Amino acid sequence: MKKFISTLLKTVAFFIGWAVLISFTPDIPTNNQALLRLWWEFSPLALIILFSIIFVLVIEKGNIRIPLVSNLIKNSLIGVAIGILWLGSVVIVLVITKAMSIQGQNNIDYIWIWILASLLNVAMQELLMRGYLYQLWKHKYNVIVATLLTTGLFTAMHGGAFEAGIIPVLNVVSMSIFITLLLEYTGTIIAPIMAHFIWNTIGAIILGGVSLADDYPKLFNSTFQGNSLISGGTYKIEGSVIVLVANLILIIILFILNKRRSRSKLY
C-alpha cells in the first residue's frame, strides 16, 4: 500500500503541477495565428521536458529512464511507416466505400509552422503519457498496470470522445494501447511520436478528417457521408469503426511481435 500511495502521489504531483503551470504561461505578442499556435504547443512541451528532468533526475535519482533516442533514424522511420499504414489503411477503406471524398482545396499560410506545431503537440502528449508516468508505473509495477493508467489518463484528456459515443471512445482507448505496444517494441518514445504525428498532421491539417484545436487549418475539404458507423458522421475519421478495426489489428500484430522478442531473449 505504501508503494502504491507513493507512486500515486508522484503521478498527481507530476500531472497536476504541469497542468497548473500551463495556466500561468503568457501569450506571445503576435497577430500571426500560426506563430501563436506554435507557442501554445511549445510551452506545455517545454514544461513537460522540465518536469520530466526534475522527476527523473531529482525525485527518482536516475532510477527511471525515459527511452528517447535509441536508434533514432531507424525508429523514426518505423514510426512514420506505422503512421502511414495506420492512417492510410483507414482512408483507403473510407474512399473505396465512398464514405469519404475530397471536395476542394484551401490555401494555408505558414503551413510548415502549423505542421511543426502539430509535431510539438504530439511530442507533448507522448512525453506526458508515455514518458515519466508510464515508466514510473512500469518500474513500480509492470507494463500492464502502466498501460492501464496512462490509457485512462490519455482517454480522459480526449474528453470530447465521450460526447461523440462509444466508437470514438474505443478508438482513443485502442489507439493508446497500440501506441504503447509500439513503444515497447521499439524501446523508444520516438516511434510513437512519429506515428501519432503522421495521424494528426495528415489526418487533420492535410485531409481535415481528424480533430485538432479549432484554429488549425485544413488543406483539403473532406466530406463524410453514408452510414455514420463507417464514415464517422459528424466526428469524421475518429468516429469511424474502421479506425477501431485498424487499431485492433495493429494491437494484435505488435502484441505478437513483442511476445516473440521476449521469447527470443530467453534463449
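Coordinate-derived values only; no laboratory data. Please read these numbers as outputs of a predicted model, since none were measured by experiment. When we count neighbours, we look across all protein chains shown, and the Cβ atoms used for this are built from the backbone with ideal geometry, even at glycine.
Specify whether the C-alpha gyration tensor of the chain places it in the rounded, prolate or oblate class, a ≥ b ≥ c being the square roots of the eigenvalues: rounded for a/c under 1.5, otherwise prolate if a/b is larger than b/c and oblate if not.
Values: a/c = 1.79, a/b = 1.26, b/c = 1.42.
Cα axes put the chain in the oblate bin.
Which helices, counted as full DSSP H runs in the chain, have an axial Cα extent of no less than 24 Å and a Kyte-Doolittle average of 1.0 or above? Before the final figure, lay out the partial values.
Values: long enough: 2-22 (30 Å, 1.43); 33-53 (30 Å, 1.38); 72-96 (35 Å, 2.31); 111-130 (28 Å, 1.32); 166-186 (30 Å, 1.79); 241-266 (38 Å, 1.43).
Helices meeting the criterion: 2-22, 33-53, 72-96, 111-130, 166-186, 241-266.
5 Å is the cut-off here: which amide hydrogens, built 1.01 Å from N in the peptide plane, fall below it relative to N221, excluding neighbours closer than 5 in sequence?
HN-HN under 5 Å from N221: Q103, G104, Q105, N106.
Relative contact order of the chain: what whole-number percent is it, with Cα pairs under 8 angstrom and at least 6 residues apart? Kindly include the intermediate steps, with their values, before the conclusion.
Numbers: 337 pairs, mean separation 66.0, N = 267.
Relative CO of the chain lands at 25 percent.
I'd like to know which of N171, P29, G203 lies farthest towards the positive end of the charge dipole of the chain, counting +1 on Cβ of Lys and Arg and -1 on Cβ of Asp and Glu.
Farthest towards the positive pole: N171.
Using label points projected 7 Å from each Cα along Cα→Cβ, tell me how many nm separate D215 and V241, to one decimal.
Distance between the two pseudo-spin positions: 3.9 nm.
Mind checking the dipole of the chain: about its Cα centre, +1 per Lys or Arg Cβ, -1 per Asp or Glu Cβ, Debye to the nearest 20? Let's see the in-between values first.
Working: 18 positive and 10 negative charges, 273 e Å.
It comes to approximately 1320 debye.
Can you give me the C-alpha center-to-center distance between region 36-95 and region 99-144, rounded to a whole angstrom?
Taking the Cα centre of each part, region 36-95 and region 99-144 sit 7 Å apart.
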